[in-house]
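Inspection log for the structure reproduced underneath, given as structure tokens.
No value in this document is a laboratory result; all are computed from the given coordinates. The model shown is predicted, which means the values in this text are computed figures rather than measured ones. Positions of Cβ are generated from backbone atoms using ideal geometry, with glycine treated the same way; all protein chains shown enter the neighbour counts.
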Amino acid sequence: MLRKIKINLIITKMKKLLLILLLFVLNSCVTNYYFVNIDEDASIYTSKEGTELIATIPKGSGAYINSSDKKTRKIKWRNYKGWVINPVYSNASMSNNSTNYTSQSSSSSSSSSSSSYKSSSKTSSGGTVQVKGYTRKNGTYVQPHTRSAPRRK
């Protein structure tokens, strides 16, 4: 009787361990995509290097994109999956703000005498805000980046 209880305890512990291991493996295989509006025609390629063209996403279409690196991003559009180089897009949930995000690093030289930036959204408390690139008063260009959202009281 005691032996049977020990065996049942061991089996229960093994089941829990396998469940935790399975959840860990499944979680590590997930790539987080978010929905965006494509603001300029974007070509989908089979690899990061852009060697073979799969399809072209027309301006104004919606697609799922992940943030892999600044230049190339994984994308899902209709039945196509691949890589997009320097995509120009806006966040679909905030499309009424007409703020574009781009992976391109542009060295825009603005003759403006003041430093200004625009955040991408009307934010609630917490989270992050996408900041467009801007030129400081001293003439240095600040690349687009994210920062923590302002706290509301």
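For V131, the residues whose amide H sits under 5 Å from its own are H145, T146, R147, ignoring neighbours fewer than 5 places away on the same chain, with H placed 1.01 Å from N.
Were the residues from I85 through T128 laid out at 0.36 nm apart, the gain over their Cα-Cα distance would be 13.1 nm. Proximity of backbone amide H atoms, modeled 1.01 Å from N, is registered between I54 and I44, Y45, T46 at under 5 Å, excluding neighbours fewer than 5 places apart on the same chain.
Karplus-derived 3J(HN,Hα) values for the stretch 135-143, using 6.51 cos²θ - 1.76 cosθ + 1.60 with θ = phi - 60°, are 10, 7, 4, 7, x, 7, 8, 9, 5 Hz; glycine and proline are entered as x. Near the amide H of E40, within less than 5 Å, lie the amide hydrogens of G60, V88, all on another chain or at least 5 residues away, with H placed in the peptide plane. Straight-distance candidates among the aspartates and glutamates for linking to K81, with alpha-carbon spacing under 14 Å and chain neighbours fewer than 8 residues away dropped: E52. Sorting the segments 3-12, 142-151 by their residues' average number of neighbouring beta-carbon atoms within 10 angstrom, most packed first, yields 142-151, 3-12.
Checked against a 21 Å cut-off, the cross-linked pairs K48/K71; K48/K132; K70/K132 give Cα-Cα distances beyond that limit for K48/K132. Put in line by how crowded their Cβ is, counting other Cβ atoms within 10 Å and starting with the fewest, I20, I75, I38 read I20, I38, I75. Each Lys or Arg adds one and each Asp or Glu subtracts one; over the other residues with Cβ under 13 Å from the Cβ of V36, this totals +2. If the chain linking Q143 and D41 were pulled fully straight, counting 0.36 nm for each residue of separation and taking away their Cα-Cα distance, it would gain 34.4 nm.
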